[in-house]
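Note sheet for the following structure.
The values are calculated or read from the model by the stated rules, or taken from the named source; none is laboratory data. This structure is a prediction, so every number in the text was calculated from the model and none was measured. Here Cβ is always computed from backbone atoms with ideal geometry, including for glycine, and neighbour counts include all displayed protein chains.
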Amino acid sequence: MSHRATIALEDAEVLAHEAHPAGQYVLTVRAPRAACRAQPGQFAHVAVGDGILMRRPLSILGADPDCGSLAFLYKVVGVGTDALSRRTVGEVLSVLAPIGNPFETHGERPRALLLGGGVGIPPMVFLAARLRATEGFHPLVLMGSEVPFPFDLRESRLGVSGVPAETSAALALLEDLGVPSRLASLQGYPGCHRGYVTDLARAWLDALSPDGRRQVEVFACGPQPMLEAAARLARDYDLPCQVSLEEFMACAVGGCAGCTVRVETPEGPAMKRVCVDGPVFDARAVFTRS
C-alpha cells in the first residue's frame with residue numbers, strides 16, 4: 001500500500017497523561033514525524049510497556065505539527081491499556097504512526113455531519129478541527145457516551161437547527177473552535193439528549209432544506225451498532241457516509257490479516273484488512289443490509 005511509506009516508528013516521550021472518569025485517559029506524546037503526517041481517521045500502534053509484546057491500536061485525537069505532538073483518547077479495557085494507563089510524563093513509548101487510510105472530504109458536500117460514540121469520539125474531534133480550519137466547510141459534531149464525557153462541557157452558544165433547546169451540552173474545545181456539537185446518552189447527563197446520536201442527526205437533517213441536505217456527508221466512528229445505525233441514516237436520506245471501523249489488531253500493518261472484514265467491491269465481495277485497507281470504508285460497502 002502506498003501509504004505505508006508515510007508510517008514513522010518513533011520513540012515518543014509522554015508529554016501529558018490525564019485520567020478521566022470510567023477509566024478513560026487522554027495521552028499526549030512527542031512524535032514529530034507522525035504529527036506532521038497524521039490525518040483524521042488514522043491511528044497509531046503503541047507499545048504499552050511492562051513486558052507486553054503486543055502493541056495496542058489507538059485512534060488519533062489530534063496532531064499538532066508545530067509542537068510535534070500526537071494526542072489519544074483511550075479507555076482501559078484489558079491488561080494492555082491498563083499497563084498503558086500507568087505510563088507517566090517523561091517516559092518513552094514506541095509509537096508506530098500514522099497508519100491506515102484517513103477520511104476523505106469533498107468540497108461539494110461542505111456540511112459534514114460527524115457522529116462519534118465512545119472511543120470512536122477521537123477521530124471526530126480531529127476531523128472537526130481540521131475541517132474548521134478548511135475554508136468552506138461547516139462541520140457539526142454529535143457524540144454519544146454511556147460513561148461521563150472525558151472533556152470539559154459547557155452550555156452551547158452555537159445553534160443547531162432542529163435539535164431541542166434542552167439538548168444544550170457541548171464540548172468546550174469544539175465551541176472554542178466555532179464548531180457546534182451536541183451530546184447524547186441514555187444515562188440522563190445534564191444537557192444531553194436521552195437517546196442516540198442518530199436521533200439528533202435525524203432532527204437536524206429534517207430541519208434542512210432539500211438543497212441543504214444535498215450538501216451533507218456523514219462521517220462516523222464508534223461501536224458496531226452505532227455504525228450500522230449511521231449507515232441506515234445515510235441510506236434513508238440518500239447521503240454518502242464514511243465509517244471508521246474498530247477491530248482487534250496484531251501487526252497493524254497488513255501482515256497478519258487478523259483484522260479482516262467483508263466489504264462489497266465492484267468485483268464482488270472481498271475480505272479487506274481494517275488496518276491498511278481501512279480503517280475508513282464506505283458505509284454502503286460494509287453494511288450492505290443496513
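Looking at region 203-215 only, could you name the residues that are in a helix (DSSP H, G or I) and surrounded by 15 or more Cβ atoms within 10 Å (Cβ to Cβ)? Give the steps one after another, and end with the answer.
Of region 203-215, the ones in a helix (DSSP H, G or I) are 203-207, 210-213.
Listed by number, the residues that qualify are Ala203, Trp204, Leu205, Arg213.
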Could you tell me whether Leu183 is buried (at least 20 other Cβ atoms within 10 Å of the Cβ), over 22 Å from Val119 (Cβ atoms) and either in contact (Cβ under 8 Å) with a residue 24 or more places away in the chain or assigned by TED's automatic domain parsing to the domain that holds Arg154 (or both)? no
Matching entry among Val253, Val243, Val163, Val261 (being farther than 20 Å from Leu61 by Cβ and not in a loop (DSSP other than H, G, I, E, B)): Val261
Which one of Ala22, Ala44, Ala35, Ala12 is in contact with a strand residue (DSSP E or B) (Cβ under 8 Å, 6 or more places away or on another chain), buried (at least 18 other Cβ atoms within 10 Å of the Cβ) and part of a helix (DSSP H, G or I)? Ala35
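From the list Gly118, Gly68, Gly162, Gly62, pick out the single residue that is out of contact with any His (no Cβ under 9 Å at 6 or more places or on another chain), at pLDDT below 95 and either of a type outside the set (Asp, Glu) or not assigned by TED's automatic domain parsing to the domain that holds Ala184 (or both). Reasoning before the result, please.
On the way: Gly68 fails: at pLDDT below 95; Gly162 fails: at pLDDT below 95; Gly62 fails: at pLDDT below 95.
The match here is Gly118.
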Considering every residue within region 125-144, establish whether at least one is β-branched (Val, Ile, Thr), touching a residue at least 40 places away in the same chain (Cβ under 8 Å) and surrounded by fewer than 24 Cβ atoms within 10 Å (Cβ to Cβ). no
Here are the criteria: (1) surrounded by fewer than 19 Cβ atoms within 10 Å (Cβ to Cβ); (2) among the hydrophobic types (A, V, I, L, M, F, W, C); (3) under 18 Å from the mean Cα position of the chain (by Cα). Tell me which single one Leu115 does not satisfy. (1)
With the condition kept exactly as written, say whether any residue in region 60-70 is touching a Pro at 6+ places or on another chain (Cβ under 8 Å), part of a loop (DSSP other than H, G, I, E, B), on the phi > 0 side of the Ramachandran plot and not aromatic (Phe, Trp, Tyr). yes
